[in-house]
Structure formats: structure tokens, C-alpha cells
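Written below as C-alpha cells is the structure these notes are about.
The values are calculated or read from the model by the stated rules, or taken from the named source; none is laboratory data. The structure presented is a predicted model; accordingly, all values stated were derived computationally and were not measured. All Cβ positions, even for glycine, are placed from backbone atoms using ideal geometry, and neighbour counts span all protein chains on display. Side chains included, ligands, DNA and RNA excluded: accessible areas come from the protein's heavy atoms. Shrake-Rupley method; radii C 1.70, N 1.55, O 1.52, S 1.80 Å.
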Amino acid sequence: VQLQASGGGLVQAGGSLRLSCAASGRTFSRYGMGWFRRAPGKEREFVAAINRSGFVRSYSDSVKGRFTISRDNAKNTVYLQMNSLKPEDTAVYYCAADGLGDYNEDSRYYDYWGQGTLVTVSS
């Protein structure tokens, strides 16, 4: 599976962005999908995950209530809707695919990674 993330950019605090992650191949619906991020000078951290059916989702405490993960298996795409953005959300955001089909928060379960898209939130 090859993953291509897009949708990053510069936004003011309180604004919104929607990230997309397009997957190649015909087996997208078998994979659980996750979003992770790496802020400058920090370790990569979990943001959100969704299982292969799209019925189960998980969020980090820092984004719960502000971000929404969703997927469209017909379009081989997973999304991350980000609302009420804060300067501390500034990071490179990565999408990843989990071959077990679950919604893991642990990055070690993910087999494939996209190239990342930069989100910058100004105060």
C-alpha cells in the first residue's frame, strides 16, 4: 500500500483544515488507518485511528472533541478534519496503514506510512 497525504497548510488559531490520505491498491478496506504527528523537537505522537470498517475510532486526549477521523473505502481515502486548531497542533502529520485492520494507537502496529504533510497554526 502506498499512502499520499495532503491538505496541510498555514492556518490561524481557531481555524480548520482537512487532511486527506489517498491509498493505492484494491485492499484499502482491509487496513486500519491512523494519523500521527511530529512537532518540531518532539517525538512522533498518536493523533487518531479508525478501524477498517470505519465504525470504531480512537483519539488522543489532546485532539478529542476537535478532530474527526473518517474514511471512504470506495475512494481509498482516510480524512482528518481538524477544527479549533491551536498553535500546539503545529506539526508534520502522517497517515499510516495497519495490516491487522484495527485502530491502534501504537505506531509499531503500522506497516505503511505516507510522506507527511505540514500543518502550521499561527497564534
Quiz prompt | Longest exposed-site-free window of the chain, the sites being trypsin sites (Lys or Arg not before Pro) in a DSSP loop that have at most 12 other C-beta atoms within 10 Å | solution = 76-123
Self-check item: Approximate spin-label separation D72-R57, in nm, with each point projected 7 Å along Cα-to-Cβ
Solution: 1.6
Quiz item: Got a number for the accessible area of L3? Probe 1.4 Å, square angstrom, nearest 10.
Solution: 20
Quiz item: Can you tell me the accessible area per residue over the chain, all protein chains present, probe 1.4 angstrom, in square angstrom?
Solution: 52
Practice problem: Please identify every one of the chymotrypsin sites (Phe, Trp or Tyr not before Pro) in the stretch 1-110 that sits in a loop by DSSP and has no more than 11 other beta carbons within 10 Å of its own beta carbon. | Solution: F55
Exercise. Please go through the stretch 1-88 and write out the GluC sites (Glu not before Pro) that DSSP classes as loop and that have at most 11 other C-beta atoms within 10 Å.
Key: E43
Practice problem: Using Cα pairs closer than 8 Å and at least 6 residues apart in sequence, work out the relative contact order for the chain, in percent. | Solution: 37
